[in-house]
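Structure first, commentary second.
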Amino acid sequence: MKTRAFWIGLVALVMLAGCEDEPMRSTDVSTLDMLVSLDATDSGDGATVRVRISSPLGGLRLSDGDTLRLRMGGNPLTLREVEEDERPVYLADAASLSGDITLDLERRADRSIVDRVIPVPPPIGLTAEPLLGDAPLKLAWNAAPEGKHVLGLVVDGTCIKPLSRTLPNDVGQYEILQAELAPLDPAVPGPCPLQVTLARTATLQEPIAPPAMQIGLYALFMLSRTVDVSWTP
């Protein structure tokens, strides 16, 4: 009898261990206890928006009529549920990040989140002038001096040491002296293809909905563009 009880207990523990990481149902958590994380990327060849919904106890799967909707610039985004790291993620693809995102979380048995606007940084249109003679590398893009974001610049190539810096102002133009492009040792002869990447990164942390005071809505945006430049050291 004791042996049978032992095996029943062991099987129960194994089953509990297997269910430990299962996402909870959204209907088991109140809206004000939810954590909504949105991240979006746009590198010039399409944009991706991801939304994860969780609670202090772990990931949540929308259930029993709870519905997530996103709009960008007033146009609805088509969401699909996928699994990432054994957690549900609500994913949408778009041609680009163009316009603020509006989030709706409709709930039958609790308060809904309606018309929650999440500001998106403006798009980047990066260009680079050809490197001729001793002229600096001149970059130009769509300026956004009033934006609450970080502007990062990376120059990389097979013949130079990577150059990376944060630009202090988003004024739409920047110059890099050729002396700042450090060739590899030994230097590689002939033309050197460079890739110049400019990225706007913005974050947001706010309460999910009134009357909540604690942070419950997180957003991360990264918009980047890359151009190719040929350089002869």
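Please treat every number below as a calculation from the coordinates, not as lab data. Being a predicted model, the structure only gives us computed values, none of them experimental. Note that we place each Cβ from the backbone using ideal geometry, even for glycine, and neighbour counts take in every protein chain shown.
Of these, V36, V89, which one is among the hydrophobic types (A, V, I, L, M, F, W, C), in contact with a strand residue (DSSP E or B) (Cβ under 9 Å, 6 or more places away or on another chain) and farther than 20 Å from P119 by Cα? Step through it out loud before you land on a result.
Working: V36 fails: farther than 20 Å from P119 by Cα.
The unique qualifying residue is V89.
Collect the residues in the range 105-118 that are surrounded by 15 or more Cβ atoms within 10 Å (Cβ to Cβ), within 21 Å of the chain's Cα centre (by Cα) and not aliphatic (A, V, I, L, M), keeping them in residue-number order. If the condition is that a residue be surrounded by 15 or more Cβ atoms within 10 Å (Cβ to Cβ), within 21 Å of the chain's Cα centre (by Cα) and not aliphatic (A, V, I, L, M), then R116 is the only one that fits.
The residue that is nearest to the chain's Cα centre (by Cα), among those in the range 203-221 that are of a type in the set (A, V, I, L, M, F, W, C) and surrounded by 19 or more Cβ atoms within 10 Å (Cβ to Cβ), is F221.
Go through L68, L32, L57 for me and flag whichever is buried (at least 17 other Cβ atoms within 10 Å of the Cβ) and more than 20 Å from T203 (Cβ to Cβ).
Working: L32 fails: buried (at least 17 other Cβ atoms within 10 Å of the Cβ); L57 fails: buried (at least 17 other Cβ atoms within 10 Å of the Cβ).
Checking each option against the conditions leaves just L68.
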